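See below for the structure under consideration.
What follows draws every value from the coordinates through simple rules; no lab data is involved. Please read these numbers as outputs of a predicted model, since none were measured by experiment. Counting neighbours? That spans all protein chains shown, and the Cβs are built from the backbone with ideal geometry, glycine included.
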Amino acid sequence: MKNNPSLTALNHLIALYTVTAQNARFCHWNVVGPHFEDDHEFFGDIYSELSDETDLFAERIRALRMNPLSAISDLLGEAQLIEYALPMTARNMQKNMLADYEKISAKMTQFAETTANDAVTQDIIVGSQRQIDKRAWMLRSMLGE
């Protein structure tokens, strides 16, 4: 079962979403600048969305009678994303978050293909990618791209 494509995809997404959610929380707590209120709310919304989706991935793994990754060290190693640190401007927070979202979207495209034999998992991934791509578009717009 360890080589199960659905387990691989969902665990990797749990790791990506968990680290990205914590980075969004970092931004939510630490953002400053002339657009503080909007940025603070935006990063808070991102944190909440990612956390909810992470639970969906873990529940699917349990429905498949397997266990999701949950140790912080395992999640950090699996995600291979950088944890944000101060100092960081609001603009750099947006740029870094966009880069993370683009990495997640690319992985989701890959996982949508590798989970083709599991329609339920594939559907979860495709549905979640819609929100990831929407937030990436919003971040690009915030950055004037």
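Any idea which residue in segment 108-136 is nearest to the chain's Cα centre (by Cα), counting only those that are among the basic types (Lys, Arg) and either surrounded by 17 or more Cβ atoms within 10 Å (Cβ to Cβ) or over 19 Å from Ile14 (Cβ atoms) (or both)?
Looking at residues that are among the basic types (Lys, Arg) and either surrounded by 17 or more Cβ atoms within 10 Å (Cβ to Cβ) or over 19 Å from Ile14 (Cβ atoms) (or both), I get Arg135.
Please specify each residue of segment 24-35 satisfying the condition of being without any contact (Cβ under 8 Å) to a residue 40 or more places away in the chain and either farther than 13 Å from Met88 by Cα or more than 23 Å from the chain's Cα centre (by Cα) (or both). I'd like the intermediate steps shown before the answer.
First, pick out the residues of segment 24-35 that are without any contact (Cβ under 8 Å) to a residue 40 or more places away in the chain: 25, 28-29, 34.
Residues satisfying the conditions are Arg25, Pro34.
Just to check your reading of the model, which residue among Leu86, Leu7, Leu13 is in a loop (DSSP other than H, G, I, E, B), hydrophobic (A, V, I, L, M, F, W, C) and touching a helix residue (DSSP H, G or I) at 6+ places or on another chain (Cβ under 9 Å)? Steps first, answer last, please.
On the way: Leu7 fails: in a loop (DSSP other than H, G, I, E, B); Leu13 fails: in a loop (DSSP other than H, G, I, E, B).
Residue meeting the stated conditions: Leu86.
Looking only at residues that are part of a helix (DSSP H, G or I) and farther than 15 Å from Tyr17 by Cα in segment 62-75, which one is farthest from the chain's Cα centre (by Cα)?
So the first thing to find is which residues in segment 62-75 are part of a helix (DSSP H, G or I), and the list is 62-63, 72-75.
Of the ones still in play, those that are also farther than 15 Å from Tyr17 by Cα are 62-63.
On the way: Arg62: 20, Ala63: 21 Å.
Looking at residues that are part of a helix (DSSP H, G or I) and farther than 15 Å from Tyr17 by Cα, I get Ala63.
In segment 111-134, how many residues are without any contact (Cβ under 8 Å) to a residue 40 or more places away in the chain and either assigned to a helix (DSSP H, G or I) or in contact with a strand residue (DSSP E or B) (Cβ under 6 Å, 6 or more places away or on another chain) (or both)?
Number satisfying all stated conditions: 12.
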